[in-house]
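Here the structure is laid out as structure tokens; the discussion comes afterwards.
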Amino acid sequence: MKKLLSIIGCCIALGGFAQSVQLLDSSQSKTSYRGLSVVSNQVAWVSGSKGTIGKTLDGGKTWEWLHPKGFEKRDFRDIEAFDEYKAVAMAVDSPGTILKTVDGGHSWQMVYQSHVPGMFLDAMAFLGDSGVCIGDPINGRFWMIVTQNGGTTWKEVPFNQRPIADAGEACFAASGTNIILIKEVTTLLSAFVTGGKKSRLHITELNTGENMNNMLAITQGQTMTGANSVIWFNDGFLVAGGNYNQPQVSDSNLVVMAPGWPTPDAPVPAFNGYASCIAAMHDGRLIACGVPGVSISAGSAKFRAGTRPQWKSISPTTYHVVQKAKTGDAIFLAGANGKIGRLVP
């Protein structure tokens with residue numbers, strides 16, 4: 001774990017910006033999507049408000065709309081799809097709930113639910129059948145549950161093994177991407193980022209319950225500031241966020257923690273403002289989205305000192321989440337007003 005917290009940095013070579021975002025669907029115009037899971041170039045799932053879950057099997061040309069019975073008013077802020085049949089969807093609060101389908105969304109089983117006061121689930125992450133779900137702090141520690149069977153059953157992490165939260169520190173259910181799982185040789189690590197009054201990277205060794213944390217060089221100190229999204233990229237962390245109430249400000253919305261980057265404690269300007277999600281593309285470039293629109297990096301990202309990321313806006317449309325296909329190179333986006341998009345040449 002110490003190795004993870006000592007790595008810092010990123011550099012991006014210059015290149016072209018030929019891509020644009022094609023709007024695929026906006027039929028569910030009263031829905032806000034923050035959950036997205038892209039299985040392949042053809043199969044993708046989205047989830048959002050008003051109990052809405054969607055699935056495409058043809059690369060986004062057509063969508064099947066699913067509304068799990070009894071959960072029509074819930075807000076599904078995250079979804080993890082394993083294929084065209086199996087998926088796990090997370091509803092945030094009142095109560096915190098996780099559903100699973102194994103028949104393509106035609107039926108759903110409730111696999112976890114908590115009525116604990118103050119419950120607010122934020123995001124899930126999976127690595128094979130292993131999964132973790134993070135929630136806002138309760139009694140001073142972040143809520144954390146884990147699964148070892150693809151989300152069929154969940155177990156609450158013992159209270160004294162959950163990361164401790166500082167006053168005013170919480171997670172944002174902005175894009176379902178503020179937590180990731182990292183496989184090391186003998187253990188599985190959970191890494192998640194926070195925001196609000198304090199923005200930190202928390203790392204938990206799930207086998208032992210050992211916790212570490214590190215302050216993030218990102219705008220913070222107010223309720224709607226801090227980190228929203230984290231990825232593990234070229235043996236380092238990239239963290240995106242900003243100030244939701246000042247979405248056009250881009251002076252400190254990217255954190256780079258990787259080998260060769262000399263200034264992990266300095267803010268990094270990037271994107272075109274506030275970002276709710278960041279993802280890596282198949283060719284090594286980066287893409288980020290948020291309230292001001294979609295930005296893409298120039299050229300493939302490499303980790304070394306001496307240069308700073310170069311970015312360009314490719315769309316002014318607000319998207320909350322962007323994801324690359326697990327198998328394939330397709331990039332899908334989803335956001336407010338029922339908008340679903342795909343990156344095209």
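A compact table of results
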{"item": "From the options GLY35, GLY60, residue that is in a strand (DSSP E or B), under 20 Å from ALA325 (Cβ atoms) and either open to solvent by 10 Å² or more (accessible area, probe 1.4 Å) or touching a residue at least 40 places away in the same chain (Cβ under 8 Å) (or both)", "result": "GLY35"}
{"item": "Close pairs from region 217-234: first touching a residue at least 40 places away in the same chain (Cβ under 8 Å), partner outside any loop (DSSP other than H, G, I, E, B) and open to solvent by 40 Å² or more (accessible area, probe 1.4 Å), Cβ under 8 Å, at least 6 apart", "result": "ASN234/LYS302"}
{"item": "Any hit, region 268-278, residues being assigned to a loop (DSSP other than H, G, I, E, B), over 17 Å from the mean Cα position of the chain (by Cα) and surrounded by fewer than 19 Cβ atoms within 10 Å (Cβ to Cβ)", "result": "yes"}
{"item": "Looking only at region 102-116, and only at residues there that are touching a residue at least 12 places away in the same chain (Cβ under 8 Å) and closer than 17 Å to ILE145 by Cβ, the one that is least open to solvent (accessible area, probe 1.4 Å)", "result": "SER114"}
{"item": "Hey, THR317 surrounded by fewer than 18 Cβ atoms within 10 Å (Cβ to Cβ), under 28 Å from LYS198 (Cβ atoms) and in contact (Cβ under 8 Å) with a residue 60 or more places away in the chain or not", "result": "no"}
{"item": "Tabulated pairs, region 38-57, first touching a residue at least 60 places away in the same chain (Cβ under 8 Å) and of a type in the set (D, E, K, R), second open to solvent by less than 10 Å² (accessible area, probe 1.4 Å) and part of a strand (DSSP E or B), C-beta under 6 angstrom, 6+ apart or interchain", "result": "none"}
{"item": "Filter result (more than 15 Å from ALA173 (Cα to Cα) and buried (at least 19 other Cβ atoms within 10 Å of the Cβ)) within region 192-208", "result": "LYS198, ARG200, LEU201, HIS202, ILE203, THR204"}
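The values are calculated or read from the model by the stated rules, or taken from the named source; none is laboratory data. Worth saying up front: this structure is predicted, and the values here are computed from it rather than measured. Because the Cβ atoms are built from the backbone with ideal geometry, glycine has one as well, and the counts that use them run over all protein chains shown. Note: accessible area is taken over every heavy atom of the protein model, side chains too, but ligands, DNA and RNA are not part of it. Shrake-Rupley method; radii C 1.70, N 1.55, O 1.52, S 1.80 Å.
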